[in-house]
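Heads up, the thing below is written out as structure tokens.
All of the numbers you see were taken from the coordinates with simple rules; none came from a lab. Everything quoted here is computed from the prediction, not taken from an experiment. Ideal geometry is used to build each Cβ from the backbone, glycine not excepted, and the neighbour counts take in all protein chains shown.
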Protein chains: 2
Amino acid sequence: MSSENPPSGRQVRRAGSTRLDSYVDRYAARTQGMTASEIRALFSVASRPEVVSLAGGMPNISGLPLDVVAQALHDLVSEHGTTAMQYGSGQGDPVLREQICDVMRLEGIEAHPDDVVVTVGSQQAVDLVTRIFCDPHDVVLCEAPSYVGALGVFRAYECDVVHVEMDRDGLVPSALRDAIATCRAQGRRIKFLYTIPNFHNPAGVTLSAARRAEVLEICREADVLVLEDNPYGLLGFDQEPIRALRADEPDGVIYLGSFSKTFAPGFRVGWVLAPHAVREKLVLAQESATLCPPAFSQMAVSAYLTQHDWQGQIKQFQEMYRERRDAMIDALEDMMPAASRWNVPAGGFYVWLTLPDGLDAKAMLPRAVTARVAYVPGTAFFADGFGAQSMRLSYCYPTPERIREGVRRLTGVIEDELELRATFGTVRGALDHQRGYEAPNTDLS
Amino acid sequence: MSSENPPSGRQVRRAGSTRLDSYVDRYAARTQGMTASEIRALFSVASRPEVVSLAGGMPNISGLPLDVVAQALHDLVSEHGTTAMQYGSGQGDPVLREQICDVMRLEGIEAHPDDVVVTVGSQQAVDLVTRIFCDPHDVVLCEAPSYVGALGVFRAYECDVVHVEMDRDGLVPSALRDAIATCRAQGRRIKFLYTIPNFHNPAGVTLSAARRAEVLEICREADVLVLEDNPYGLLGFDQEPIRALRADEPDGVIYLGSFSKTFAPGFRVGWVLAPHAVREKLVLAQESATLCPPAFSQMAVSAYLTQHDWQGQIKQFQEMYRERRDAMIDALEDMMPAASRWNVPAGGFYVWLTLPDGLDAKAMLPRAVTARVAYVPGTAFFADGFGAQSMRLSYCYPTPERIREGVRRLTGVIEDELELRATFGTVRGALDHQRGYEAPNTDLS
């Protein structure tokens, strides 16, 4: 190897260095932002059977009619196998795109299948939208807290996330207005508002009807695109589906949907509904990313929608999740120490719990796992280290009995922490972020 | 809308402009590089039944045992449905990753399943590798010509593609050495060499054994990573599988494989085998892009590999494609005008045809389609507009009879062009690129 070559990882390793990643000098700048999420680090621990995991966001699909799906896929292969197993279009299967329009109609959306792009789960939808819109240091406005998977995408594209406060009625319009004004005054380029209006992940709250109009009006006036992420919209417990933001603003809203929670995540079928010009760019981005989303997955979902009472199935899911939500809320009310606060979600998978002052959910996590209960600390849902006093609790996957047992274990851990605090003062002092300038509230109860 | 707001697309449209894309000022810089490929524009035309398409790269999967696959998927859902339809790991199914190592062993690769990352087709593998390594203006070395889908990815990540000459024995080592030296002298950062050593798409050629060692040695000395893309490796006609570059260089080669050509593309299952540290980054990138590749697709491929004689099936595919290759070569020899040149591929899907001097395959395409035959002009496979005298002919999908008919039609079009040229001089003079500085050869025969 010539001495004129720049020092390389391979040379370093050959020289006996203990450096673990010999490629570290070669990665793209964006790769610095790719780090394992707090959720991911948890998975290996939380998946042990003795741990009650209130951490994951896996839907409970044990109620699916396996016999119906098995027969549908058998017939799909027998009758249309050479199409279902072939390359498809980059935009996605036309029949499925029509069915997707039927699904969205439940939320008041009138759309044409030609404006729908099928994606590999709605995670890929967030990726593709960010890919076509965001240069490094472009601003993405996000609720505080926001979905950890979306924050990971924004970080991977080197965006600057600016959090906007929420309360029990969802995104706070005045905070949105202020955030836009502040960014503009700083000369920063806002690319879109990323929002989960229904049964928020992780906050559990839902944007009120009055605020929907106000948020749309603010974004329309400020000419800020809205990225409406709505995986849980059909999983409300108390009412008809809530009208989507997109239903009242076809031009300024890009809508993301998914079959992961209303059917099953293993096919990875999500979608984007976008204004026509944006849709064209998304198809090109999809072709570059995967050539085309899996034809088989799409035709499998399409067959399920055709051959099964999918709306009846969603009602069953709603009942199951409502029962689990009730189990969690009842357990929290029965057991949690007085100074803890939480909200009561009207749908979806998540409760946002804020601990008594002085406690730190992130610092407490190892002790919780030792006590055989897992959750996701609030910091995972902020781009800026905020959220340490809070945590996300998922009630989607464990049985009501396990949920109650999980809350019992968690209560024990919190009480131990409170006792420590009473004895030694504030625990581990990791709460500086909460006193920072512009720190949003984490109390959504 | 306040007059202080910057002029926006929406305002422009409201003012009655005919501008088609009102979002044009908001896209990321990378989105400028996303344009419809020449192949894509062709698809709508070439898919008409009266057109003989020698354009597409769709594998012919009519020989697959649909009854076996139908039963396997039925049983997969019945017996493991709640796993197969659930979220999976970002890295991919562990059982499938072991089977992938078995597949790669046929090419001399000894690898651990822990170093494999499953991707949504090997297209996504190219995307993820580029994502973690390439900043804008980083150089990617590519064969001349190269795979159009990979060029699209490199463009989407704003890389600079530097083409390296090929001949009938594949990549030319001295040209590689020169390209590296030139880039380094210019202070440009080379991120990797992207190469398709076997049955090249689109060039049809295979890197000779002697050159494999030489290419690896050059890259090792210059500390340039190799991205070995090998979707066709098991589809050779005349011999045992060719030893992969990765088999002799585990540290400096990232290997990409796919089940799209050896089984079926509709599941979109490909993979990356990478050095361990790189593999970790790829998993993070995959989680950001899709959370996880489809569990169902992976378990479907895994079941097929377990329950069917997949190696016997590949032998059948080889026979079928060899028959079609022969049909195409026979037809070319029987009909093409003397000054046309082509190579005889030893596997894969493609023949690279170079037209008589003065003819332009891109300019000729509309007349070919009128004559009901389609191909892909050579320019699609160059990042720099080169390649107009050549075209890619695919023999993978049409029957031997249709291939012969397609070549007959194509010959008629070429003869008409030659007659025009004889009458009026050089046709449509679009061949400036061929006389450019450093223009590589397109004659691979």
Shielding of A:124-134 by partner chains, average beta-carbon count, 10 Å: 4
Exposure proxy ranking, count of Cβ atoms within 10 Å, fewest first, for B:Lys315, B:Lys362: B:Lys315, B:Lys362
Among beta bridges that DSSP assigns inside the protein assembly as shown, antiparallel share in %, nearest 5: 50
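Local charge sum around B:Ala422 (other residues, Cβ-Cβ under 14 Å, Lys/Arg +1, Asp/Glu -1)?
Result for the neighbourhood of B:Ala422: -4.
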B:Arg367 versus B:Glu419: modelled label distance in nm, points set 7 Å from Cα along the beta carbon direction: 1.0
Unit charges on C-beta of K, R, D, E only; dipole of the protein assembly as shown, Debye: 820
Positive-pole candidate from A:Pro136, A:Leu284, A:Cys396, dipole of chain A, charges at beta carbon: A:Pro136
Calculated P(r) of segment A:176-324 - Cα pairs past 19 Å, %: 62
Average beta-carbon neighbours from other chains, 10 Å sphere, peptide B:63-74: 5
Chain B - mean residue ellipticity at 222 nm from DSSP helices (-39,500 (n - 2.57) per run, n ≥ 4, rounded to 500): -13500 deg cm²/dmol
Length released on extending from B:Asp326 to B:Ala209, taking residue separation times 0.36 nm less the Cα-Cα span: 39.7 nm
Dipole magnitude (debye, nearest 20) for segment B:294-369, charges at Cβ of Lys, Arg, Asp, Glu: 240
Relative contact order (percent, whole number), chain B, Cα cutoff 8 Å, 6+ residue spacing: 22
Charge tally in the Cβ shell below 15 Å around A:Phe259, where Lys, Arg are +1 and Asp, Glu are -1, A:Phe259 excluded: -2
Value of D in µm² per second that Stokes-Einstein yields for chain B, Kirkwood Rh from Cα pairs, at 4 °C (1.567 mPa s): 56
Rounded to 5, the percent of DSSP beta bridges in segment A:85-307 classed as antiparallel: 40
Average other protein chain Cβ within 10 Å of Cβ, residues A:78-89: 6
Copy-to-copy label separations for B:Asp326, where each label sits 7 Å from Cα toward Cβ, in nm and ascending: 7.2
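How large is the charge dipole for segment A:41-199, taken about the Cα centre, if only the Cβ atoms of Lys, Arg (+1) and Asp, Glu (-1) carry charge, to the nearest 20 debye?
The dipole of segment A:41-199 has a size of about 600 debye.
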Contour excess over end-to-end distance, with Cα ends at B:Val45 and B:Ala181 and 0.36 nm allotted per residue: 44.6 nm
Calculated label separations, A:Ala185, copies of the chain, 7 Å along the beta-carbon direction, nm: 5.5
As computed over the protein assembly as shown, the Cα convex hull volume per residue (Å³): 170
Alpha-carbon centroids, segment A:260-296 and segment B:185-244: separation in whole Å: 32
Label point 7 Å beyond Cα along the C-beta direction, distances from A:Gly63 to other copies (nm, shortest first): 4.7
Interatomic Cα distance distribution for segment B:85-307, bins of 5 angstrom, percent: 1, 7, 16, 20, 21, 17, 11, 5, 2, 1, 0
Gaussian network model of chain B, springs between alpha carbon atoms under 10 Å - residue of B:Asp229, B:Asp138, B:Asp25 with greatest fluctuation: B:Asp25
Packing-based exposure ordering (other Cβ within 10 Å, fewest first) of B:Glu240, A:Glu158, B:Glu228, A:Glu319: B:Glu240, A:Glu319, A:Glu158, B:Glu228
Built amide H within the under 5 Å cut-off of A:Val161, gap 5+: A:Val140
When each of A:Lys191/A:Lys261; B:Lys315/B:Lys362; A:Lys281/A:Lys315; A:Lys191/B:Lys261; A:Lys191/B:Lys281; A:Lys281/B:Lys315 is checked by Cα-Cα distance, pairs over 30 Å: B:Lys315/B:Lys362; A:Lys281/A:Lys315; A:Lys191/B:Lys261; A:Lys281/B:Lys315
DSSP beta bridges in chain B [antiparallel fraction, %, rounded to 5]: 50
Interchain or long-range residues, amide H under 5 Å from B:Val373's placed H: B:Val52
